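The values are calculated or read from the model by the stated rules, or taken from the named source; none is laboratory data. Bear in mind that the values here come from a model prediction, so they are computed numbers and not experimental data. Note that we place each Cβ from the backbone using ideal geometry, even for glycine, and neighbour counts take in every protein chain shown.
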Amino acid sequence: MSEGTKRQTAGKDAPFPLREQMDFKEIKFTTIFQSSQGLHQTKNGVIHSDGDLKVTLPFLPPDVKIDFSKEEVIFVALGERPTGGYKVEITAVTYLWDRLNKLPNLTDVTYHEDKPSNPIRNDIVTFPTHVVKCEKLDGDASFTKDGGIQ
């Protein structure tokens with residue numbers, strides 16, 4: 001492939017273009033949950049309905065209100081960590097699209113994992129999770145940790 005048509009693979013069986021080939025917009029988001037006691041599995045995703053929200057993230061406080069006609073929920077969960085001091089944070093949500101409509105739209109979610117420099121306690125298991133809401137976007141999502149696709 002020529003340099004101008006080079007692609008990389010991310011997400012579920014889908015080819016996504018390199019960022020340089022697409023227009024993009026940084027999306028504002030609001031944290032609705034961030035804790036060391038969240039989802040027990042290593043998982044990330046985008047939620048588009050109240051039913052999926054209740055099934056996927058049942059620990060969210062009952063006062064969390066999402067208007068799924070205009071908004072979506074994005075989450076990153078690191079799964080089990082052997083000690084305290086771990087944290088995950090979604091640092092950017094970027095929406096990418098191709099003006100010529102030859103490539104699929106993509107939401108790129110960038111997150112950062114903080115690891116403890118000195119483990120706080122060895123007898124505590126944590127489950128770092130970060131959940132945000134933003135405007136509803138179309139297309140698939142990819143998740144990027146510290147510069148590498150996950």
**OP:** Please specify each residue of the range 18-33 satisfying the condition of being under 16 Å from the mean Cα position of the chain (by Cα) and surrounded by 13 or more Cβ atoms within 10 Å (Cβ to Cβ).
**Re:** Ile27, Phe29, Ile32, Phe33
**OP:** Looking at (1) modelled with pLDDT under 85; (2) of a type in the set (Val, Ile, Thr); (3) in contact with a helix residue (DSSP H, G or I) (Cβ under 6 Å, 6 or more places away or on another chain), find the lone condition where Thr5 falls short.
**Re:** (3)
Original post:
Residues in the range 76-87: is at least one hydroxyl-bearing (Ser, Thr, Tyr) and surrounded by 11 or more Cβ atoms within 10 Å (Cβ to Cβ)?
Top reply: yes
**OP:** State the number of residues belonging to the range 96-124 that are surrounded by 13 or more Cβ atoms within 10 Å (Cβ to Cβ), farther than 21 Å from Gly45 by Cβ and touching a residue at least 40 places away in the same chain (Cβ under 8 Å).
**Re:** 3
**OP:** Could you tell me which of the residues Glu72, Glu26 is farther than 19 Å from Pro128 by Cα, among the acidic types (Asp, Glu) and in contact with a Leu (Cβ under 8 Å, 6 or more places away or on another chain)?
**Re:** Glu72
**OP:** Could you list all residues from the range 77-95 that are of a type in the set (A, V, I, L, M, F, W, C) and closer than 16 Å to Thr42 by Cα?
**Re:** Ala77, Leu78, Val88, Ile90
Original post:
Counting residues that are touching a His at 6+ places or on another chain (Cβ under 9 Å), which strands (runs of 3 or more DSSP E) fully inside the range 44-114 reach at least 3?
Top reply: 71-78, 87-97
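Residue-by-condition table, conditions (1) of a type outside the set (Gly, Ala, Ser); (2) under 22 Å from Thr56 (Cβ atoms):
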{"position": "Gly84", "(1), (2)": "no, no"}
{"position": "Arg99", "(1), (2)": "yes, no"}
{"position": "Leu103", "(1), (2)": "yes, no"}
{"position": "Leu106", "(1), (2)": "yes, yes"}
{"position": "Pro116", "(1), (2)": "yes, no"}
{"position": "Thr126", "(1), (2)": "yes, yes"}
**OP:** Say whether the condition of being in a loop (DSSP other than H, G, I, E, B), of a type in the set (Gly, Ala, Ser) and within 21 Å of Ile47 (Cβ to Cβ) is met by at least one residue in the range 125-144.
**Re:** yes
Original post:
Which residue out of Thr83, Thr56 is at pLDDT 95 or above and at negative phi?
Top reply: Thr56
Original post:
Failed condition for Lys70, given (1) within 23 Å of Thr126 (Cα to Cα); (2) at pLDDT 95 or above; (3) loosely packed, with under 13 Cβ neighbours inside 10 Å, with all others met?
Top reply: (1)
Subject >> Failed item, numbered, when Ser36 is tested on (1) farther than 15 Å from Phe143 by Cα; (2) exposed (fewer than 13 other Cβ atoms within 10 Å of the Cβ) >> reply: (2)
